[in-house]
1. I want to confirm something. Restricting to the stretch 86-114 and keeping residues that are touching a helix residue (DSSP H, G or I) at 6+ places or on another chain (Cβ under 9 Å) and of a type in the set (Gly, Ala, Ser), which single residue is nearest to His63 (Cα to Cα)?
2. Residue under question is Ala12, and the condition is that it be touching a residue at least 12 places away in the same chain (Cβ under 8 Å), in contact with a Leu (Cβ under 7 Å, 6 or more places away or on another chain), part of a helix (DSSP H, G or I) and not charged (D, E, K, R); does it hold?
3. Can you go through Ala95, Ala54 and tell me which one is farther than 20 Å from Trp3 by Cα and free of Cβ contacts under 8 Å to residues at least 12 places away in the same chain?
4. Give Leu15, Leu81, Leu20, Leu42 a once-over and let me know the one that is within 20 Å of His133 (Cα to Cα) and crowded, with 19+ Cβ neighbours inside 10 Å.
5. Is it true that His129 is modelled with pLDDT under 95, exposed (fewer than 15 other Cβ atoms within 10 Å of the Cβ), farther than 19 Å from Leu6 by Cα and touching a His at 6+ places or on another chain (Cβ under 9 Å)?
6. Of the residues Asp5, Asp62, only one is of a type in the set (Asp, Glu) and within 10 Å of the chain's Cα centre (by Cα); which?
7. Looking at Glu88 and the list (1) among the charged types (D, E, K, R); (2) crowded, with 17+ Cβ neighbours inside 10 Å; (3) touching a residue at least 60 places away in the same chain (Cβ under 8 Å), which single condition is not satisfied?
Amino acid sequence: MAWEDLPASGVASALTAAGLTRVQGEVPAETRIEHQLGYRDLDLGVTGAAAGLAESGSVVLDHRPGRPRMASLVPEVHVALLDLTLLERTLAHWARRYPESVAETANLVVITGPSRTGDIEQQLTLGVHGPKHVHIVLIQ
């Protein structure tokens, strides 16, 4: 699953040429359950990023049509493409510089790494509530 407007041209077509099949993030109402069952086998999600946060090593994702949340939450591997010009010191610095981005999106996600929990037998487990592997690709 990939966003429609990735910040690097040719990524989606290169993944298709490598043998990956693109899964649509928009869920059709009439076949909702069947469509979502297909996400169980979703291996890779590729997104852009609205910002990179230097102090925490996080990326900020804003969601809207063509940018499904599921691309960063459902697959085992999430790859975020970050243009270096979008690197900011902190979330507050980014929000001050791009207030329209905060106002125009219904959902912002700040990702600092794979999801992790220690709830099960006090054992640290990665990828329980999201991707097990998160990669940030910097684009100059």
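The values are calculated or read from the model by the stated rules, or taken from the named source; none is laboratory data. These numbers were taken from a predicted model, which means no experiment stands behind them. Note that we place each Cβ from the backbone using ideal geometry, even for glycine, and neighbour counts take in every protein chain shown.
1. Ser101
2. yes
3. Details: Ala54 fails: free of Cβ contacts under 8 Å to residues at least 12 places away in the same chain.
Residue meeting the stated conditions: Ala95.
4. Working: Leu15 fails: crowded, with 19+ Cβ neighbours inside 10 Å; Leu20 fails: crowded, with 19+ Cβ neighbours inside 10 Å; Leu42 fails: crowded, with 19+ Cβ neighbours inside 10 Å.
One residue alone meets the criteria, Leu81.
5. no
6. Numbers: Asp5 fails: within 10 Å of the chain's Cα centre (by Cα).
Residue meeting the stated conditions: Asp62.
7. Result: Glu88 passes all but (3).
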